[in-house]
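Chemist: Quick one: this structure, given as structure tokens, is what I'll be asking you about.
The values are calculated or read from the model by the stated rules, or taken from the named source; none is laboratory data. In this text the structure is predicted, and so the values were computed from the model without any measurement. Neighbour counts are summed over all protein chains in view; Cβ atoms, including those assigned to glycine, are modelled from backbone coordinates with ideal geometry.
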Amino acid sequence: MRDTLENLYFGNITPNDQIVKSGTALKKAMELSAECEEKLTALLEDKEKALLLRLINAENEIGSTMALENFILGFRLGVRMLLEALDEDDGSLLDPNKEE
């Protein structure tokens, strides 16, 4: 447990910094997205290019914000589950400490 806390303190835990494996559906989608962006950008004039890039940046911001929010919600849910699992006075009908 201490290793995890030390790694967190020293900034060695970065869940948002991941490498996507080659050949996966996600990697293929990312490559297709980059290819489409490149082709669209080549077809557009300056104003349209700028608008496309603004759209892409806004979509990336939305995705990043939602990823952060979902991470926080998932983390909080996990902690609540842990706390509930450790609560010995949770209304259970059985006494885990009593021997019969």
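Chemist: Among the numbered conditions (1) modelled with pLDDT of 95 or more; (2) assigned to a loop (DSSP other than H, G, I, E, B); (3) touching a helix residue (DSSP H, G or I) at 6+ places or on another chain (Cβ under 6 Å), tell me where Lys49 comes up short.
Modeler: Result: Lys49 passes all but (2).
Chemist: Being surrounded by 10 or more Cβ atoms within 10 Å (Cβ to Cβ) and over 16 Å from the mean Cα position of the chain (by Cα) is the filter here, so list the residues in the stretch 8-26 that pass it.
Modeler: Correct list: Leu8, Asn12, Thr24.
Chemist: Separate question: I need the full set of residues from the stretch 34-46 which are loosely packed, with under 12 Cβ neighbours inside 10 Å and assigned to a helix (DSSP H, G or I), in order please.
Modeler: Ala34, Glu35, Cys36, Glu38, Lys39, Ala42, Leu43, Asp46
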